[in-house]
Amino acid sequence: MAAVDGGARGPLRDGPVAKRPTKHGNFLEEFRPGQVFRHKRGKTITEGLFAVFTDFCFTTNALAKNRRYAEAYGFRGLVAPPGLVMNVVFSQSVEDVSENGRANLEYIDMRFGTPVCVGDTIEAESTVLGVKASSRERDRGVVHVETVGRNQDGQVVLAYQRKVQVWKGDPDAPVAEGEAPARALPVSFTLPPYDPRRDYRARAHLTSSDTYFEDFHVGDVFEHSRGRVITTEHIALTGMLDNTSQVHCNQWMIDQDPERFLGGQLIVYGGIPFSLCLGLSSPDVADNALGDVRYATGRHTAPAFAGDTVFATTDIRGLGDLPGRPDLGVLDTVLRGHKFVRKGGAAEKVEIFYLEREIAVKRRSHYA
Amino acid sequence: MAAVDGGARGPLRDGPVAKRPTKHGNFLEEFRPGQVFRHKRGKTITEGLFAVFTDFCFTTNALAKNRRYAEAYGFRGLVAPPGLVMNVVFSQSVEDVSENGRANLEYIDMRFGTPVCVGDTIEAESTVLGVKASSRERDRGVVHVETVGRNQDGQVVLAYQRKVQVWKGDPDAPVAEGEAPARALPVSFTLPPYDPRRDYRARAHLTSSDTYFEDFHVGDVFEHSRGRVITTEHIALTGMLDNTSQVHCNQWMIDQDPERFLGGQLIVYGGIPFSLCLGLSSPDVADNALGDVRYATGRHTAPAFAGDTVFATTDIRGLGDLPGRPDLGVLDTVLRGHKFVRKGGAAEKVEIFYLEREIAVKRRSHYA
Amino acid sequence: MAAVDGGARGPLRDGPVAKRPTKHGNFLEEFRPGQVFRHKRGKTITEGLFAVFTDFCFTTNALAKNRRYAEAYGFRGLVAPPGLVMNVVFSQSVEDVSENGRANLEYIDMRFGTPVCVGDTIEAESTVLGVKASSRERDRGVVHVETVGRNQDGQVVLAYQRKVQVWKGDPDAPVAEGEAPARALPVSFTLPPYDPRRDYRARAHLTSSDTYFEDFHVGDVFEHSRGRVITTEHIALTGMLDNTSQVHCNQWMIDQDPERFLGGQLIVYGGIPFSLCLGLSSPDVADNALGDVRYATGRHTAPAFAGDTVFATTDIRGLGDLPGRPDLGVLDTVLRGHKFVRKGGAAEKVEIFYLEREIAVKRRSHYA
């Protein structure tokens, strides 16, 4: 069956007809350090994608809910939450980089630039920074890429590196191992200016009163109280992002060879719990955020499946200033996601997501 | 686990870190008669929310389907069906009023004002009219609130009272029992004026020909023929409304203590069958409606769960005039929702929803 | 129960109340050759419907993803993929033509006209071309209709014939068998003109480089590598199209009389696999398409159910020119959909969809 037979790539003459290869994406042996992919398609943030994906993640931030509020703060319209920005850029890279991936290993130095609003069109490209064959498993290896997303005006909205474990198409094929230097890629975290003539206080009731920058202290731990089960909806959500990786949607492929796939069932695309953990944390740490600034590192520490209820915690590690913005402070946090798994009679807490996250949060002194 | 441990609200010092409380919403002992909540966030009716929620409910009313038709009648764009208006206002009140609710008991005097169209932004506030501890169960009581939703121009789109059963955070805490008077809250049911120069008849084929006001008689009973199963989609639909009540989405919480929760499984948020019953009835009684006017009373008479197929019936109780609008009549109806439950071999019809509903319906004399 | 008791259509006096008939749609005995239905409602293509339905189908065509790209090609905005156009027109005909249908038998001569973009409002009408009672089964027969959809400017966007098997309401009722001539219904396949001053090549990286017209040869067979499971989401997708046929959403009705219904479970509305097969094929044969031109014939060769993973193949049967458009060629293809069904231990490939499909594809000579 074509869907699980990714090895055959040349035209096979089968009697009178020419079977054309249709496998998409690249295998490990096809990557080269320094290679650049200008990803296909691009993506316009319609009100459909925006609403379905934003509301799925349980964010409470009013910038993503209330257009009047967003415009009163100087944004062009409803503002995409960070998980949606990440997913729209990331998913464009899937076909070229990870359609034949086995697992996403790490996000590195994810930096946010210009805010993304409803109606924007985002296009992305990736550069291969490293290729490495596995020393233990001859059918796979690791690809290290840097991906950047830009809006219709050419402004960078997101840039990050990631490492992904990729299958080989042919275990015997040689691999072009090596590294290439990262490009100098300036990303400017940009927000509408603070304008003392705007009456921010008139809208202060639209956000929680106890999540201004002054309310946080180093050492605070938030066990976010809300949880949210993931259903088979994850298949459609992943499709809405144009993420076509087969491990998220091809039930038949999984059923044919369950041992080959993590967990032996459709795995939830990592961008789903990524977004959901951000959203679950938002009432406690990001209700008064104007944006996420940077994720130093992040990884999926265990897979998620339909039926899992996801929870999140946030540790406040540090408090900083944002240069040029005395109205804002930066929360340096660790966001963790977890689920519970029954083993015998007992329930075990399993961490599924880890993210070092810096958030730009309003100061009460300026806004309330 | 944080999600089921709502009692701890003060900071707990746990060695070097400060665990911060994250439980949202209020418990019975935190309500005070006369208290006013200006609810957080607000909600812009995007085309995403509009399409997903409106089409889910199976309404057939062309005002919510066909923008040309809506504009030809003088509306600013596609018109939100009454169930969506109710849900957008109601859900904004959930965190403050019923995030820690056990059951919604009654809707009272729900009145519609200015029509809601795609693109509108709705904000809401609630006043506590009454607080009462349960005489039988010391861990719960009833909160009575009045909620009003307004659009971006300050016009009232909906106002209603509701009674909700709320958990106590601490069974021993004193409860501020008492009542407060309802505010005088004029709600003006507003529609675009009838304009004899508009060629309504040219579009009459877009609605059914046998549902004009003249077609109804007191005593008519409609057993609406369509049914619609509710799937786990209810979790995402509820999330799209920003309704964060955990009993609709936190599977793990339910699984830990099923006896505590109605039915021992995720309960479908009442706004879902509310909307669905309105939609199922629409081809027979509201296909030629220009709007719902008022719901004198309504209640969920039994819970709904994923897998239930919902049906509806409408009784015509009375026929009235709408002052100043000779082109319209008011149907005074009772809308009931039901499902079937197997007990042993037999199927039992179970009523799940009851609503006293007044609908403003076009007269054939003016429109067809 | 009303939902399965479609035979009673006259008012039944039941004591003091009048039970009003609510069964929708027509039964075989109600159709007349030559009869014209101006379908109710119409449908505006909101960004919500567009995003959910388009992304569900896995199309990769950038015209449906990237507004900047679509506008650079001269379209008014994001372009609805052919499966969405077909579904929006088709679904409007369901209540009148096939709400009481048992199976959709054949699509005939489906021709595309003016492109459909986000924001368009589509209205449809159908003419009965034939009515025929079954010679073997006295409770059903076949209705043959021609349906045409037009946009807000009166331009034809789609026209096609279909044959559908329809239940009789009363097995003893006489059937008006006969035929009526098809109307002369010119459909002009329309695209924005090729404009050599536009810099198409600057955007060539947004589509795949190996799917220009020059890349195809008669006899090529594409086994499209991606598969996509259909979940219970099909119920909501069908509802979003305003397709109210009960066999897709009324679980209780099916459970009461499983033998009466294909497969004994909720059947997936044919427009879902229709769209999905088009989408699954798009990266290989339609990534550089500007539109589908015509489907000579199509049929659902087996039903689909929730849980089925759908795959598709395309055979290239012929290569043609498009009069007046030297920048384009026409691929004459057969698109087939299939799923796998376990019988005992072995998996059997079952064809579920067959479509003779002509696609207008860009020539590399003009675009890359």
Legend entry - Condition check for A:GLU146: farther than 21 Å from A:GLY298 by Cα and either open to solvent by less than 30 Å² (accessible area, probe 1.4 Å) or assigned to a loop (DSSP other than H, G, I, E, B) (or both): no
Legend entry - The listed residue being in contact (Cβ under 8 Å) with a residue 12 or more places away in the chain, charged (D, E, K, R) and in contact with a Pro (Cβ under 6 Å, 6 or more places away or on another chain), out of A:ASP332, A:ASP287, A:ASP257, A:ASP292: A:ASP292
Inset, instruction - Taking C:HIS300 as the residue in question, decide whether it is modelled with pLDDT of 95 or more, more than 26 Å from C:GLU123 (Cβ to Cβ) and buried (at least 16 other Cβ atoms within 10 Å of the Cβ). - result: no
Inset, instruction - Inspect the stretch A:90-111 for any residue being touching a Ser or Thr at 6+ places or on another chain (Cβ under 7 Å), within 14 Å of chain C (Cβ to nearest Cβ) and without any contact (Cβ under 8 Å) to a residue 60 or more places away in the chain and give the result as yes or no. - result: yes
Inset, instruction - Hey, can you tell me all the residues within the stretch B:26-65 that are in contact with a Ser or Thr (Cβ under 8 Å, 6 or more places away or on another chain), of a type in the set (S, T, N, Q), crowded, with 24+ Cβ neighbours inside 10 Å and more than 9 Å from chain A (Cβ to nearest Cβ)? - result: B:THR59, B:THR60, B:ASN61
Inset, instruction - Using the structure shown, decide if A:THR313 is surrounded by fewer than 19 Cβ atoms within 10 Å (Cβ to Cβ), in contact (Cβ under 8 Å) with a residue 24 or more places away in the chain and among the polar types (S, T, N, Q). - result: no
Legend entry - Failed item in (1) more than 9 Å from chain A (Cβ to nearest Cβ); (2) touching a Cys at 6+ places or on another chain (Cβ under 7 Å); (3) without any contact (Cβ under 8 Å) to a residue 60 or more places away in the chain; (4) not basic (Lys, Arg), with C:LEU78 passing the rest: (1)
Legend entry - Single residue of the stretch A:176-189 satisfying the filter (under 19 Å from A:VAL157 (Cβ atoms) and touching a Gly at 6+ places or on another chain (Cβ under 6 Å)) that is most open to solvent (accessible area, probe 1.4 Å): A:SER188
Inset, instruction - State whether the residues of the stretch B:241-251 include one that is open to solvent by 10 Å² or more (accessible area, probe 1.4 Å), of a type outside the set (Asp, Glu) and within 22 Å of C:VAL52 (Cβ to Cβ). - result: yes
Legend entry - Index of the failed condition, C:LEU129 passing every other in (1) in contact (Cβ under 8 Å) with a residue 40 or more places away in the chain; (2) part of a helix (DSSP H, G or I); (3) touching an Asp or Glu at 6+ places or on another chain (Cβ under 9 Å); (4) not acidic (Asp, Glu): (2)
Inset, instruction - For residues that are of a type in the set (D, E, K, R) and either within 14 Å of chain A (Cβ to nearest Cβ) or under 18 Å from B:ALA182 (Cβ atoms) (or both), tally how many sit in the stretch B:135-167. - result: 5
Inset, instruction - Specify the residue that is least open to solvent (accessible area, probe 1.4 Å); the eligible residues are those in the stretch B:217-240 that are of a type in the set (Val, Ile, Thr) and away from chain A (no Cβ under 14 Å). - result: B:VAL229
Inset, instruction - Tally the residues that are touching a residue at least 12 places away in the same chain (Cβ under 8 Å), charged (D, E, K, R) and open to solvent by 50 Å² or more (accessible area, probe 1.4 Å), restricting the search to the stretch A:200-216. - result: 3
Inset, instruction - State yes or no: is B:ALA173 in a helix (DSSP H, G or I) and either polar (S, T, N, Q) or surrounded by fewer than 20 Cβ atoms within 10 Å (Cβ to Cβ) (or both)? - result: no
Inset, instruction - Output the residues belonging to the stretch A:197-216 that are more than 7 Å from chain B (Cβ to nearest Cβ) and part of a helix (DSSP H, G or I). - result: A:TYR200, A:ARG201, A:ALA202, A:ARG203, A:ALA204, A:PHE213, A:GLU214, A:ASP215
Inset, instruction - Give the number of residues within the stretch A:339-354 that are out of contact with any helix residue (DSSP H, G or I) (no Cβ under 9 Å at 6 or more places or on another chain) and touching a residue at least 12 places away in the same chain (Cβ under 8 Å). - result: 3
Inset, instruction - Select from the stretch B:150-166 the residues that are open to solvent by less than 30 Å² (accessible area, probe 1.4 Å) and part of a strand (DSSP E or B) and write down the one among them that is nearest to B:GLU30 (Cα to Cα). - result: B:VAL166
Legend entry - Residue selected from the stretch C:66-105 under the condition at pLDDT 95 or above and among the polar types (S, T, N, Q), by the criterion most open to solvent (accessible area, probe 1.4 Å): C:GLN92
Inset, instruction - Within the stretch C:252-276, track down each residue that is open to solvent by less than 20 Å² (accessible area, probe 1.4 Å) and either within 12 Å of chain B (Cβ to nearest Cβ) or over 19 Å from the mean Cα position of the chain (by Cα) (or both). - result: C:MET253, C:ILE254, C:LEU266
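The values are calculated or read from the model by the stated rules, or taken from the named source; none is laboratory data. These figures come from a predicted structure and were not determined experimentally. Neighbour counts are summed over all protein chains in view; Cβ atoms, including those assigned to glycine, are modelled from backbone coordinates with ideal geometry. Protein only, heavy atoms only, side chains kept; ligands, DNA and RNA dropped before computing areas. Shrake-Rupley method; radii C 1.70, N 1.55, O 1.52, S 1.80 Å.
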